[in-house]
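What follows draws every value from the coordinates through simple rules; no lab data is involved. The shown structure was predicted, so the numbers you read here are calculated from the model rather than taken from an experiment. Methodologically, a virtual Cβ is constructed for each residue, glycine included, from the backbone with ideal geometry; neighbour enumeration extends over all protein chains shown.
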Amino acid sequence: IDRTRTAVVVGTLFGGDFSNQLQMGLRLPETVRLLEDALERRGVAPADRQRIVAAYEKRLLERMPALVDETGSFTSSTLASRLTKTFDLMGGALALDAGDCSSVAALSAAADMLREGHCDAVLCAAGERCLDLMSYEGRSLGRYLSDRPTSVLDGRVSGGDVPAEGAVVFVLKRLADARAAGDQIRGVIRGIGVGADRSAAAAVSHAIEAAHRDADIGTDLVRAVEVATAGGHDRCDAHLAAIGAAYGGREPAAVA
């Protein structure tokens, strides 16, 4: 691979322990002021107040390593910049946060870069970095978490999310270039579609139509659909209904 013509695109959500620690660091002056005021109201002597505040700051740094981290691990661009630096890639780097669609948004952006000829290869990656306690609490309050102990595999009724951390990296090239280089080809992306609408079902329909238009194939040629969705149960059901409508409501074949 020509490093000067190889780019990096990463889809990731900004959040997690490192970003939470960053927020604590940014608010440290305010926290110190509030602590000093509270100690003063209790009649603590100035020298003792300074000692207590200094001990608090020291303990905070010990418990929150992000506050003294100089590599920028708390930023959303870290994954992209580290891949670029580690492999000395000079084709550009991009990190994008599109919520739960970050990974597929990165895939779409990477394909666009290859089609436009801006680079000859793209390391397209995705990493989940924000599944801390607050994230789970938020999903629970929003009723996004699974409401049953078993997975829903029939694809007809949603059961909520079962979040998990993970990371993946694809090396993407134009098909003609990969064949010319004798690369082992694991898969071919024939079309990508992106859709947006106030209606969840309409957004899915737009994306399906765009993907098939891009690939120049009809929906009748599709034999399997893999779905990753996020959101409340009602929204997930709307997504599944739109997918079923797009593919004619055909009964899916059994998959072992």
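Using Cβ point charges alone (K and R +1, D and E -1), the dipole size of the chain about the Cα centre works out to roughly 280 debye. Computed about its Cα centre, the charge dipole of the stretch 17-68 is approximately 120 debye, with only Lys, Arg, Asp and Glu carrying charge at their Cβ. The Kirkwood hydrodynamic radius of the chain, based on inverse pair distances between different Cα atoms, is 21.8 Å. The residue 224 and residue 134 beta-carbon pair, evaluated with R₀ = 45 Å, returns a calculated FRET efficiency of approximately 0.80.
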